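The values are calculated or read from the model by the stated rules, or taken from the named source; none is laboratory data. Fair warning: this is a prediction, and the values are worked out from it, not measured in the lab. So basically every Cβ, Gly included, is an ideal-geometry build from the backbone, and we count neighbours across all protein chains shown.
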Amino acid sequence: MSPSSKPFILFFNAVKHAELVYKKLQEIAHTEIITSTTREGFFHDIKDKYRNIFAIYRTSASGAVAGKFDAEFIAHLPPTCKYICHNGAGYDPIDVSACAKRGIIVTNAPDPVTEATADLAIFLLLGALRQLNPAMNSLRAGTFKQGVGFGNDPQDKVLGILGMGRIGRAIQSRCEPFGLGTIYHNRNVLPVDQAGGAEYVSFERLLRESDIISVNLPLNEMTRRLIGREEIAKMKTGVVLVNTARGAVLDEGAVADALESGHIGAVGLDVYEREPEINEKLMRQERALLVPHVGTHTVETLAKMEAWAMENVRRAIVGERLLSPVPEHCHLISSS
């Protein structure tokens, strides 16, 4: 194919790890990395040099240029744009309803993120449970462990997994060697062979009985601020809260206040309500083990994510079944 006859794929971010997959894609697609530096600049460029795009490849960092892929953004896309291929699992920055109205299919990359995210969740869980953040701060302050409070062992504690999808199940399996008993709450009860021995419980019971709660839910209108002051009040005093999903599932201010009062014993957080901003009270709290959204930040996982998203692009071009259209868009495929 000559460049002009190949489908035009606009990359909102450069491929950094799966370069061989990118080169292979270029055999059947004309690819460009976006040069627009602002949302307004993109809206201008889409009228001319990007007017014939067939698909957009995006990452979690794409918002730095364009902001959210909201209804306004989608309305500016040309009629030639048929796909938005995201290289992460969570796709809440994309207005999938607006895409559906335009006939644009959104894909994500759920499988590649599982292992690395679960690994980080275990680090945060154990680090928060053992109160490692105050200990590390004391060490760096030159006081070694003077005045550092005691942590807790994981053995015989109850882990409540809120959202027993791929990542939730991976966390559960990793926790078995530590002697943690697991309960979970999900939209649906899992088949026995998928639950790994974990017991399905109501949301209320999970809040009441868990010593540790791991949040593994997608962000949507049903889950936004699902855990606030009222829910925290139902938790055990000293509960440990871990979140590697989306920050806005928690009311960050309520979590900070509960840490300050001691009702929450510690938190391990990778995600925040208004990234990159973090609640100042939360930042000052020593019992908050905080990392900057690095759940998938490994060379191997990022390469898998990039390759997965580009495989969705390739399949869209050649007309093969997509790897992972988002659930909201499966009807668009079946009706096409």
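Worth pointing out:
- In the stretch 246-259, the condition of being over 23 Å from F11 (Cα atoms), out of contact with any strand residue (DSSP E or B) (no Cβ under 9 Å at 6 or more places or on another chain) and free of Cβ contacts under 8 Å to residues at least 24 places away in the same chain is met by no residue.
- Residue, surrounded by the most Cβ atoms within 10 Å (Cβ to Cβ), within the stretch 267-278, restricted to residues that are within 23 Å of S210 (Cβ to Cβ) and out of contact with any Lys or Arg (no Cβ under 8 Å at 6 or more places or on another chain): G268
- Cross-chain or 6+ apart pairs with Cβ under 6 Å, the stretch 307-327 first and assigned by TED's automatic domain parsing to the domain that holds N13, then of a type outside the set (A, V, I, L, M) and assigned to a helix (DSSP H, G or I): L322/N312; L322/R315; L323/E311; L323/N312
Here is a yes/no grid of residues against (1) closer than 22 Å to P276 by Cα; (2) out of contact with any helix residue (DSSP H, G or I) (no Cβ under 7 Å at 6 or more places or on another chain); (3) in the same structural domain as I94 (by TED's automatic domain parsing); (4) surrounded by 17 or more Cβ atoms within 10 Å (Cβ to Cβ):
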position	(1), (2), (3), (4)
F11	no, yes, yes, yes
V21	no, no, yes, yes
E32	no, yes, yes, no
D48	no, yes, yes, no
N52	no, yes, yes, no
A61	yes, yes, yes, no
V65	yes, no, yes, yes
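- Just one of the numbered conditions (1) in contact (Cβ under 8 Å) with a residue 40 or more places away in the chain; (2) farther than 25 Å from P292 by Cβ; (3) polar (S, T, N, Q) is not true of Q26: (1).
- Residue within the stretch 282-295 that is crowded, with 19+ Cβ neighbours inside 10 Å and of a type in the set (V, I, T) present: no
- Filter result for G168 (small (G, A, S), in a loop (DSSP other than H, G, I, E, B) and in contact with a helix residue (DSSP H, G or I) (Cβ under 9 Å, 6 or more places away or on another chain)): no
- Residues of the stretch 23-81 that turn out to be under 28 Å from the mean Cα position of the chain (by Cα), assigned to a helix (DSSP H, G or I) and either among the polar types (S, T, N, Q) or more than 19 Å from D95 (Cα to Cα) (or both), as a count: 4
- Any hit, the stretch 190-201, residues being closer than 20 Å to I227 by Cα and of a type outside the set (A, V, I, L, M): yes
- A single member of E32, E27 is within 15 Å of V313 (Cβ to Cβ), acidic (D, E) and in contact with a strand residue (DSSP E or B) (Cβ under 9 Å, 6 or more places away or on another chain), and it is E32.
- Check on E231, surrounded by fewer than 21 Cβ atoms within 10 Å (Cβ to Cβ) and under 17 Å from L120 (Cβ atoms): no
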